[in-house]
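Please see the structure below; I have some questions.
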Number of protein chains: 2
Amino acid sequence: MVALDFWFEFASTYSYPAAMRIERAAEARGVTVRWRPVLLGPIFAAQGLTDSPFNAYPQKGAYMWRDMARICASLDLPFRRPSPFPQNGLLGARVATALDDAARPAFVKALYTAAFGDGAQISDPDVVSDVLVGCGLPARETLTRAQSEDTKSRLRSAVDTAQAAGVFGAPSFVCEDGELFWGNDRLEAALDWAAGV
Amino acid sequence: MVALDFWFEFASTYSYPAAMRIERAAEARGVTVRWRPVLLGPIFAAQGLTDSPFNAYPQKGAYMWRDMARICASLDLPFRRPSPFPQNGLLGARVATALDDAARPAFVKALYTAAFGDGAQISDPDVVSDVLVGCGLPARETLTRAQSEDTKSRLRSAVDTAQAAGVFGAPSFVCEDGELFWGNDRLEAALDWAAGV
């Protein structure tokens, strides 16, 4: 079965609908999804960006919030604009890195729902802990592992891997042949490419 | 019949596929398209941008060219990356402004094909003249009208109208109720909104 790398960042707005719908869309095409947390901070910094482009360009930001509301409504996803924006997704990314492949998708979807469905503060360990518990995962043990040097190092390597693959924003999808797609609105095109459709 | 404002700029890459496919997509939903040339120069300048974001952020630019090639291939549209990029779309925008509503779409599509299908220099009056002739339009007379004070003033007003509607990039689609959609990939959503689907 062919695989697709799904690079996401918890602060990224459009990663939320992508995370919520990628499983069904991938299954329909026989594609395996590799859920890969990444940090946009260093990826944006490498491009000379010190803030989200949606803050740096307020008109684009205002449009994005309206676009997100429309997209979530069309997908029947709850949506609430988080404040502040962007949130700090570092803890979530470390937890997602620490979890094994089987546990990761449910946690990722639940944390995105907390961030963009409920407007929760996902940098707060208590919020992340509640999300872990809600997924039936061992919260304290997972949070400890998330803050280990091994996990931190693996996440840093993942950022390097993403940058080497050309990732400059999130969500991004990278096919096994290296073909890169960017944005929730390119999910179907990425899956079609991966599946050789 | 409901109408949709289609704001396009001849230097804008994603406006090309949008222009080439909007008529069929609009007709399928019973929506009338108002073809409205605009200039991104002043719109970008108002956001503090002095160059195309695809030049200001080279990784995003590299991705865009690959994405454009894929999109044009999927639509069976010829594609050639113009050099320099962005081209100066001012003359084209003035000509499109000077033409009447019936003549405008064919000219716009032909000039986009010259710019992004052939890589022609669309700031060259000879190129624009050839495109007008190819559309069966009176080239010399139209070019003279395009450079008249009346046309220049109407185009400046159009930029103001676009900005007042929230347009910050191209292509953009504005529905009669003011709902704004940005990007070739939002064409269907914009038409659905306009048609009340």
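The values are calculated or read from the model by the stated rules, or taken from the named source; none is laboratory data. All values derive from a computational prediction rather than experimental measurement. No Cβ is skipped: glycine too gets one built from the backbone with ideal geometry, and neighbour counts run over all protein chains shown. Quick note on the areas: whole protein, heavy atoms, side chains included, nothing else; ligands and nucleic acids left out. Shrake-Rupley method; radii C 1.70, N 1.55, O 1.52, S 1.80 Å.
Against the condition part of a helix (DSSP H, G or I) and closer than 24 Å to A:Ala56 by Cα, how does B:Met64 come out, does it pass?
Yes.
How many of the residues making up the range B:146-172 are within 13 Å of B:Ala93 (Cβ to Cβ) and of a type in the set (Phe, Trp, Tyr)?
0
Can you find a residue that is closer than 30 Å to A:Thr144 by Cα, surrounded by fewer than 16 Cβ atoms within 10 Å (Cβ to Cβ) and β-branched (Val, Ile, Thr) anywhere in the range A:8-15?
no
Let me ask another. Do any helices (runs of 4 or more DSSP H) lying entirely in the range A:110-197 carry at least 3 residues that are of a type in the set (S, T, N, Q), and which ones are they?
Qualifying helices (runs of 4 or more DSSP H): A:149-164.
Under the condition of being in a helix (DSSP H, G or I) and open to solvent by 10 Å² or more (accessible area, probe 1.4 Å), which residue from the range B:16-31 is nearest to B:Lys109 (Cα to Cα)?
This residue is B:Met20.
All but one of (1) at pLDDT 95 or above; (2) closer than 23 Å to A:Leu90 by Cα; (3) open to solvent by less than 50 Å² (accessible area, probe 1.4 Å) hold for A:Ala3; state the number of the condition that does not hold.
It is condition (2) that A:Ala3 fails.
Would you check which residues across the range A:154-173 are of a type outside the set (Gly, Ala, Ser) and either open to solvent by 10 Å² or more (accessible area, probe 1.4 Å) or in contact with a helix residue (DSSP H, G or I) (Cβ under 6 Å, 6 or more places away or on another chain) (or both) and list them?
Of everything in the range A:154-173, those that are of a type outside the set (Gly, Ala, Ser) and either open to solvent by 10 Å² or more (accessible area, probe 1.4 Å) or in contact with a helix residue (DSSP H, G or I) (Cβ under 6 Å, 6 or more places away or on another chain) (or both) turn out to be A:Arg154, A:Leu155, A:Arg156, A:Val159, A:Asp160, A:Thr161, A:Gln163, A:Phe168, A:Pro171, A:Phe173.
Then there's this: Being of a type outside the set (A, V, I, L, M), touching a strand residue (DSSP E or B) at 6+ places or on another chain (Cβ under 8 Å), closer than 25 Å to A:Leu77 by Cβ and modelled with pLDDT of 95 or more narrows it down to one residue among A:Gly169, A:Gly134, A:Gly117; which is it?
A:Gly169
At pLDDT 95 or above and more than 23 Å from A:Thr32 (Cβ to Cβ): does that describe A:Thr142?
In short, yes.
Then there is this: Within the range A:83-102, can you find the residues that are small (Gly, Ala, Ser) and surrounded by 17 or more Cβ atoms within 10 Å (Cβ to Cβ)?
Matches in the range A:83-102: A:Gly89, A:Gly92, A:Ala93, A:Ala96, A:Ala98.
Which of the residues that make up the range B:167-184 are free of Cβ contacts under 8 Å to residues at least 60 places away in the same chain and either away from chain A (no Cβ under 14 Å) or in contact with a Lys or Arg (Cβ under 9 Å, 6 or more places away or on another chain) (or both)?
B:Glu179, B:Leu180, B:Phe181, B:Trp182
Here is a further query. For the range B:49-72, enumerate the residues that are open to solvent by 30 Å² or more (accessible area, probe 1.4 Å) and more than 11 Å from every other protein chain (Cβ to nearest Cβ).
Hits for the range B:49-72 are B:Thr50, B:Asp51, B:Phe54, B:Asn55, B:Ala69.
Which one of the conditions (1) hydrophobic (A, V, I, L, M, F, W, C); (2) more than 15 Å from A:Ala170 (Cα to Cα); (3) open to solvent by 60 Å² or more (accessible area, probe 1.4 Å) does A:Ala46 fail to meet, given that it meets all the rest?
(2)
Here's something else I'd like to know. Is there a residue being over 24 Å from B:Glu23 (Cβ atoms), β-branched (Val, Ile, Thr) and more than 14 Å from chain A (Cβ to nearest Cβ) anywhere in the range B:129-146?
yes
So the check is Cβ under 6 Å with 6+ separation or different chains; which pairs have a first residue in the range B:125-139 that's under 18 Å from B:Leu90 (Cβ atoms) and a second one that's part of a helix (DSSP H, G or I) and among the polar types (S, T, N, Q)?
Within 6 Å, the pairs are B:Leu132/B:Thr142; B:Ala139/B:Ser129.
Where the second residue is open to solvent by 40 Å² or more (accessible area, probe 1.4 Å) and modelled with pLDDT of 95 or more and the first is within 17 Å of A:Arg34 (Cα to Cα) and lies in the range A:84-102, which pairs have Cβ atoms under 7 Å and are six or more apart or on separate chains?
Taking only residues 6 or more apart or on different chains, the pairs are A:Arg94/A:Gln147; A:Arg94/A:Lys152; A:Thr97/A:Arg154; A:Ala98/A:Arg145.
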